[in-house]
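These notes concern the structure reproduced below.
Here, each number is a calculation from the coordinates, and none is a lab measurement. What you see is a predicted model; the values in this text were computed from it and never measured. Backbone-built Cβ (ideal geometry, glycine too); neighbour counts: all protein chains shown.
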């Protein structure tokens with residue numbers, strides 16, 4: 001190659017410009033080609049992944065609250081239900097003028113701006129400004145369209161039957177779960193099951209257009225149908241309250257049962273309430289818990305049912321067997337005595353029971369013996385739960401007969417050596433009314449699902465507490481207690497009444513409390529064809545006797561209940577001649 005061939009003339013300016021343009025064009029084409037490849041990769045190969053990520057930043061999974069089931073009495077009257085309420089929530093990161101917003105919300109939420117302002121300045125992204133506001137307030141707040149302010153649905157539990165059912169129904173906590181009473185015991189049925197859905201939300205918490213995606217539907221709770229009768233509950237509450245005012249009692253308990261089914265028709269627990277608890281002074285109101293089931297007490301002479309009936313059962317005595325009964329008796333270093341001073345006398349068993357003689361009953365208990373008395377207490381259910389399946393229920397405090405020594409057996413015979421619940425006492429007497437068969441009590445008749453189908457709740461099986469013959473022998477002796485014994489004030493005009501009084505001192509770790517007594521009457525009506533049974537217990541009344549304070553309330557309750565349930569007087573010819581007069585102690 002010659003030198004002339006190797007030489008190339010320099011590019012002209014126009015040629016140089018054209019070459020730079022071509023190179024730039026090629027670069028741009030290459031860049032756009034690369035961008036096209038990347039875009040295609042994002043859209044085609046990774047499009048689903050990025051779309052899901054974007055969707056996840058806008059979508060939020062929220063819980064769908066279930067509607068808690070309602071509670072009804074046996075007539076279908078509503079006792080408890082959940083109604084919609086709303087919580088007002090602030091995302092304080094999105095609040096630009098907390099003071100102005102506090103002043104704007106103050107009259108709507110009925111809360112001072114001084115309280116709302118610090119909440120709106122917290123800077124934690126989630127602040128509850130108000131709980132359980134009404135639907136009207138919720139609507140006003142939402143219509144304002146305030147930045148960072150949202151509402152979420154909540155519910156509140158209300159009782160149209162007022163607070164007289166509270167010790168039985170219990171309560172629901174802030175999370176919507178039952179935490180006491182039937183609300184707790186049947187929480188699984190009442191609560192239902194929550195669901196969930198996905199909703200699109202803007203960063204400010206405002207829901208974006210678009211159909212929510214339901215992941216699972218909420219299942220409403222089931223309804224409970226109780227054995228309680230609302231009109232009777234109201235009447236019993238009124239009668240117990242009146243006696244507490246008259247006798248200055250610290251608490252009053254009354255339970256009414258259907259003799260044959262064990263259905264609890266009324267269950268009232270009242271006390272003098274101070275700072276949310278029962279106290280020695282305060283306003284009379286519903287007790288914080290169901291005292292008839294959870295609180296044990298020394299019952300006194302109502303426990304003579306076990307001593308006398310089992311001595312009859314073993315044919316150690318008859319109603320007419322007589323005992324020499326002094327005023328007092330010393331056993332195991334302890335002196336037992338009757339309520340009233342009297343000379344040594346000869347009393348038949350039926351009179352020992354009618355007059356509630358402690359000394360006479362102890363003599364019967366000595367014939368019976370500790371082992372068989374322990375058997376009697378167990379048979380009547382005083383060492384076990386009632387079958388009500390109540391949260392916090394007590395099975396009573398009754399020591400085994402094998403551990404008794406000294407004065408324990410005679411104390412047990414007259415009801416001063418054990419602690420039991422009022423419901424246990426009622427069930428024992430109810431078993432006598434039921435021919436010697438102890439029918440476990442129940443409060444829930446059935447559970448109703450969302451389709452309206454009711455499933456009965458089956459209570460535990462009954463068991464025999466005493467043979468039928470002995471039960472029939474006990475009935476007229478309990479009638480004698482009301483006819484001319486310690487409970488003449490339990491009489492219901494036109495009806496025979498059978499029952500027993502009990503008066504016992506209240507024990508404490510330091511010994512018996514002077515002047516502090518429990519007063520009880522328990523019985524059933526009509527005596528010869530029992531339909532209803534009831535117990536009434538007062539703590540620290542004046543006067544102290546069951547025959548003076550509890551028996552009259554029993555008569556008032558039963559007088560109403562017999563009319564209310566249309567229970568006619570029995571056919572016994574002498575019933576029409578029954579008149580009621582006088583009062584008694586015991």
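Full-extension gain between residue 179 and residue 340, please, as 0.36 nm times their residue separation minus the C-alpha to C-alpha distance. Write out the running numbers ahead of the final one.
Working: separation 161, 0.36 × 161 = 57.96 nm, distance 4.72 nm.
Net length gain for the segment: 53.2 nm.
If you take the square roots of the eigenvalues of the alpha-carbon gyration tensor of the range 253-358 and sort them as a ≥ b ≥ c, do you get rounded (a/c under 1.5), prolate (a/b over b/c) or oblate? Show your work: numbers first, answer last.
Numbers: a/c = 3.19, a/b = 1.73, b/c = 1.84.
Oblate, because a/c is 1.5 or more while a/b does not exceed b/c.
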remark   = For the range 352-438 the mean separation of alpha carbon contacts under 8 Å (6+ apart) over residue count, i.e. relative contact order in percent, is 29 percent
task = On a C-alpha basis, how far is the centre of the range 90-163 from the centre of the range 530-567 in Å? Whole number, if you could?
result = 50 Å
task = Quickly work out the residue 371-to-residue 147 label distance, labels modelled 7 Å from Cα along the C-beta direction, and quote it in nm with one decimal.
result = 8.8 nm
query = Under 15 Å from the 7 Å Cα→Cβ point of residue 83, by amide nitrogen: which residues of the range 132-172?
reply = 132-138, 154-163
remark   = With label points set 7 Å from each Cα along the Cα-to-Cβ direction at residue 131 and residue 330, the distance between them in nm comes to 6.4 nm
request  = Please give the contour-minus-distance gain from residue 171 to residue 74: 0.36 nm per residue of separation, less the Cα-Cα distance, rounded to one decimal in nm.
outcome  = 32.9 nm
ask   = Between residue 241 and residue 280, what is the FRET efficiency for a Förster distance of 22 Å, r being their Cβ-Cβ separation, to the nearest 0.05?
value = 0.80
Virtual spin-label span in nm between residue 110 and residue 216, 7 Å along Cα→Cβ = 3.7 nm
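Stretch residue 193-residue 163 to full length: gain in nm at 0.36 nm per residue minus the Cα-Cα span? List each step's numbers first, then the result.
Working: separation 30, 0.36 × 30 = 10.80 nm, distance 2.75 nm.
Here the answer is 8.1 nm.
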